[in-house]
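For reference, the structure discussed in these notes is given below.
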Amino acid sequence: MSDQDRSARFIGTDDDVAIIPPESDTESETRATKALDGTKSTWMAFFKTAVREAMAGRVTQPQALALLSNRLKRSGEDAYRDALRENGITELDEFDQFQLDQWDGEQQGYLRSFVDELYSTGLTPEQADSRATLWADKSLQDAYMAALTSVDKNSNYMWKYSAEAKHCTDCEALDGQVHRLKEWESRDLRPKSDRLDCKLGCKCELIKTTEAAKGRFLGGVLNSLRCNQVFIISRMAV
Ligand SMILES: [Zn+2]
């Protein structure tokens, strides 16, 4: 357990419960690491504290849902803004707000099921840790990517897998490929995408590059043949 986690704590009475964020999360320093990493760890610390307090019976189910739901909404917006800020944008426009609302609507559904589960079957601290990471790496990452795509869709990004991780055949095929961000997104090819064999286990990254486009996503010719077949079959069915 990190110091950060230990220092996050709940205060308040039944009607008014709040969480004091860990000291180190108050903006400032850590300019060297990506802002998104800070956004993720703030969320994870909060999430783990909330689960711990719920398991200890110190917050009711509706309180836990309200706390997590507010924090997730804020963290999602933070992640979204992190991507905008990296591209010199500080204000959300209407489209950004629309994207965030979509994201939030989806997340709140997941959150309700999660809190139901928490209060029916419970979670061990280890399970809580891995859920915290999952929300950060999948959901907050999604919010970040949505913002990045809206501001930087025409830039080239290279797929790069991490040296430590094992690779699935999909990521092996994608490693080193360079495409515009909108091309990656329209194919739902991004780290931890459901389209990949490794799914949430994926440790790859998409990194902005000045290199020219290269590669054929997942199997070029074969894929387009398969698409054509589906097309022909569906035409015949009509
Ligand atoms: Zn991967």
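The values are calculated or read from the model by the stated rules, or taken from the named source; none is laboratory data. The shown structure was predicted, so the numbers you read here are calculated from the model rather than taken from an experiment. No Cβ is skipped: glycine too gets one built from the backbone with ideal geometry, and neighbour counts run over all protein chains shown.
Details
- Tabulated pairs, the stretch 172-199, first of a type in the set (D, E, K, R), second near the ligand (Cβ under 9 Å from one of its atoms), C-beta under 6 angstrom, 6+ apart or interchain: D175/W159; D175/Y161; K192/C202; D197/C168; D197/D170
- Some residue of the stretch 75-92 being of a type in the set (V, I, T), within 26 Å of K208 (Cα to Cα) and over 17 Å from the mean Cα position of the chain (by Cα): yes
- Filter result for S69 (hydroxyl-bearing (S, T, Y) and modelled with pLDDT under 85): no
- Among the residues making up the stretch 200-223, those that are modelled with pLDDT of 90 or more and not in a loop (DSSP other than H, G, I, E, B) are E205, L206, I207, K208, K214.
Here is a yes/no grid of residues against (1) of a type in the set (D, E); (2) touching a Gly at 6+ places or on another chain (Cβ under 9 Å); (3) closer than 15 Å to L140 by Cβ; (4) buried (at least 22 other Cβ atoms within 10 Å of the Cβ):
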position: M55; (1), (2), (3), (4): no, yes, no, no
position: Q63; (1), (2), (3), (4): no, no, no, no
position: R74; (1), (2), (3), (4): no, no, yes, no
position: D78; (1), (2), (3), (4): yes, yes, yes, no
position: L84; (1), (2), (3), (4): no, no, yes, no
position: N87; (1), (2), (3), (4): no, no, no, no
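- Of all the listed residues (D129, D170), the sole one being within 16 Å of the ligand (Cβ to nearest atom) and either surrounded by fewer than 19 Cβ atoms within 10 Å (Cβ to Cβ) or more than 19 Å from the chain's Cα centre (by Cα) (or both) is D170.
- Complete set of residues in the stretch 89-110 that are assigned to a loop (DSSP other than H, G, I, E, B) and among the acidic types (D, E): E91, D93
- Members of the stretch 44-68 found to be among the hydroxyl-bearing types (S, T, Y) and under 17 Å from L134 (Cβ atoms), listed by number: T49
- Filter result for the condition that a residue is within 14 Å of the ligand (Cβ to nearest atom), in a helix (DSSP H, G or I) and either surrounded by 19 or more Cβ atoms within 10 Å (Cβ to Cβ) or outside the structural domain of T133 (by TED's automatic domain parsing) (or both), over W184, W159: W184
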